[in-house]
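Here's the structure we're looking at; comments come further down.
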Amino acid sequence: CHLIHYLRLSHHLIVLNYLICTFDKLKSVSSEDIKITDAVFDGVEVRVFEPPARGDESLKRSVVYIHGGGWALASARTSLYNNLCRIMAESLNAVVVSVEYRLVPEVCFPEQYHDALRATKHFLQPDVLAEYSVDPSRIAISGDSAGGNLAAAVCQQLSKDEGLTVRPKLQALIYPVLQAFDFNTPSYQQNMNMPVLPRYVMINYWIDYFNGNYDLAHALLINNHTALDVGQALSFRGRLNWTSLLPSSFKKNYKPVVQTTGTAEVIQKMPALLDVRAVPLLADDETLRAQPKTYMLTCENDVLRDDGAMYAKRLENAGVDVTLDHFHDCFHGCMIFTVWPTDFSAGVQTRNSYIKWLEENL
């Protein structure tokens, strides 16, 4: 993929995603238990999973699900996410809407965010909910990794939209990526070379999302973009102080990396690094107080572990009811790996815990 990119034949992410989807994409074939249809919500493609009607209830609960993949890879139609959403619909007897937002490099921030927001707001319209027989008081917004980022950002925006008559009851975030302020949190230091999502790969995903230049990667890696002399970052520093937001079991013996002098041009070239629509962890306390009851799943062997833990703590400090579900022996992305040949026990364990929380709270 990188060779094709180097030869300027195509972008490496386009090639990689083409390979993933070519070998893995499923047709929208419904099973006896779950009806699967593809639809368009306000210009955004979605895949809808509907369980059969039961005689003992007229309305169903629902989950709007936003898939991961670094804002650049995967699809609601791949077998991994198709399988996850099917099992959610079956286990919860819920209507699951899986959002097929556009990807990098076709579009960059904020278009992925706009797609997720538009599709969700369309679904939350009372007439659309009625069409799918969904209870307006039992809707969750959920997503994993980059999808967890979009889910958190969408929830924050929905809480500010005074025109909405229906808002989500819950948000459920699975190892979400929530900040690009500090790439030296304890989990970034501990897991910098961990397979599936090494630190340099996550930094490159951010650069791609913001349509930036890879030449800026090193400055991001050493936190030059948020040094003490970078004025744009000063007002956000207190919102991401991991020394006070993380438990000692996460902090271990790691030390903060705070540069005295840095590279202000990084923020100038990629101002979205401090845009709360892209980095929900930097939201103010007033916004956090308006968030719904929250489930946060984190994994020990994951650079993003501390993103989720810090957001959970900030939400808790703001008065939100939060469940932090931490898995000591699991890794980033594990929850979707439940289909042969990548049917891992870590995937089943995390998926079951996630669905159990939704079953008990939605």
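The values are calculated or read from the model by the stated rules, or taken from the named source; none is laboratory data. Values in this document were obtained by computation on a predicted structure and should not be read as measured data. Every residue, glycine among them, receives a Cβ derived from its backbone with ideal geometry; neighbour counts consider all protein chains shown. Calculation scope for accessible area: heavy atoms of the full protein, side chains included, ligands and nucleic acids excluded. Shrake-Rupley method; radii C 1.70, N 1.55, O 1.52, S 1.80 Å.
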Which listed residue, of Asp343, Asp307, is out of contact with any strand residue (DSSP E or B) (no Cβ under 7 Å at 6 or more places or on another chain), open to solvent by less than 10 Å² (accessible area, probe 1.4 Å), of a type in the set (D, E, K, R) and closer than 22 Å to Leu84 by Cβ:
Asp307
So which residues in region 310-340 are outside any helix (DSSP H, G or I), in contact (Cβ under 8 Å) with a residue 40 or more places away in the chain, open to solvent by 30 Å² or more (accessible area, probe 1.4 Å) and under 26 Å from Ala153 (Cβ atoms)?
Phe331, Phe337
Which one of the conditions (1) in contact with a Pro (Cβ under 9 Å, 6 or more places away or on another chain); (2) open to solvent by 10 Å² or more (accessible area, probe 1.4 Å); (3) β-branched (Val, Ile, Thr) does Ile141 fail to meet, given that it meets all the rest?
(2)
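Would it be correct to say that Ser98 is touching a helix residue (DSSP H, G or I) at 6+ places or on another chain (Cβ under 7 Å), free of Cβ contacts under 8 Å to residues at least 60 places away in the same chain and among the hydroxyl-bearing types (Ser, Thr, Tyr)?
The answer is yes for Ser98.
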Quick check on region 203-210. Is at least one of its residues closer than 24 Å to Lys313 by Cα, touching a residue at least 24 places away in the same chain (Cβ under 8 Å) and outside any loop (DSSP other than H, G, I, E, B)?
yes
Tally time: how many residues in region 144-175 are open to solvent by 10 Å² or more (accessible area, probe 1.4 Å), over 16 Å from Tyr354 (Cβ atoms) and small (Gly, Ala, Ser)?
2
Selection from region 92-120 of residues that are modelled with pLDDT of 95 or more and either in a helix (DSSP H, G or I) or open to solvent by 40 Å² or more (accessible area, probe 1.4 Å) (or both)
Leu92, Arg102, Glu111, Gln112, Tyr113, His114, Asp115, Ala116, Leu117, Arg118, Ala119, Thr120
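State all residues of region 232-291 that are β-branched (Val, Ile, Thr), loosely packed, with under 13 Cβ neighbours inside 10 Å and assigned to a helix (DSSP H, G or I); if no residue qualifies, say none.
So the first thing to find is which residues in region 232-291 are β-branched (Val, Ile, Thr), and the list is 243, 257-258, 260-261, 263, 266-267, 276, 279, 287.
Subsequent filtering for residues that are loosely packed, with under 13 Cβ neighbours inside 10 Å retains 243, 260-261.
Residue satisfying the conditions is Thr243 alone.
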Pick from region 187-197, criterion assigned to a helix (DSSP H, G or I) and out of contact with any Asp or Glu (no Cβ under 6 Å at 6 or more places or on another chain), ranking: farthest from Gln232 (Cα to Cα)
Gln190
Quick one: what pairs do we get from region 56-69, first residue of a type in the set (Phe, Trp, Tyr), second part of a loop (DSSP other than H, G, I, E, B), C-beta under 9 Å, 6+ apart or different chains?
Tyr65/Ala76
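Going residue by residue through region 190-197, is there one that turns out to be in contact (Cβ under 8 Å) with a residue 60 or more places away in the chain, open to solvent by 50 Å² or more (accessible area, probe 1.4 Å), more than 21 Å from the chain's Cα centre (by Cα) and more than 13 Å from Gly70 (Cβ to Cβ)?
So the first thing to find is which residues in region 190-197 are in contact (Cβ under 8 Å) with a residue 60 or more places away in the chain, and the list is 190-192, 194-197.
Cutting the leftovers down to open to solvent by 50 Å² or more (accessible area, probe 1.4 Å) gives us 190, 192, 194-196.
With more than 21 Å from the chain's Cα centre (by Cα) added as a condition, the list becomes 190.
Still in the list and also more than 13 Å from Gly70 (Cβ to Cβ): 190.
Looking for residues that are in contact (Cβ under 8 Å) with a residue 60 or more places away in the chain, open to solvent by 50 Å² or more (accessible area, probe 1.4 Å), more than 21 Å from the chain's Cα centre (by Cα) and more than 13 Å from Gly70 (Cβ to Cβ), one finds at least one in region 190-197, hence yes.
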Read through the list (1) closer than 19 Å to Asp284 by Cα; (2) at pLDDT below 95, then give the number of the only condition that Val177 fails.
(2)
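Please work out which residue is farthest from Gly148 (Cα to Cα), limiting yourself to region 292-304 and to residues that are open to solvent by less than 10 Å² (accessible area, probe 1.4 Å) and touching an Asp or Glu at 6+ places or on another chain (Cβ under 9 Å). Spell out the reasoning first.
Step one: of region 292-304, the residues open to solvent by less than 10 Å² (accessible area, probe 1.4 Å) are 294-299, 302-304.
Among the residues that remain, those that are also touching an Asp or Glu at 6+ places or on another chain (Cβ under 9 Å) are: 294-299.
Values: Thr294: 12, Tyr295: 11, Met296: 10, Leu297: 10, Thr298: 11, Cys299: 14 Å.
Out of the qualifying residues, it is Cys299.
Residue-wise test of (1) in contact with a helix residue (DSSP H, G or I) (Cβ under 6 Å, 6 or more places away or on another chain); (2) more than 20 Å from Leu240 (Cα to Cα).
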residue	(1), (2)
Leu281	yes, no
Thr294	yes, no
Val303	yes, no
Met335	yes, yes
Ala346	yes, yes
Ser353	no, yes
Could we say that Ile139 is assigned to a helix (DSSP H, G or I) and touching a residue at least 12 places away in the same chain (Cβ under 8 Å) here?
no
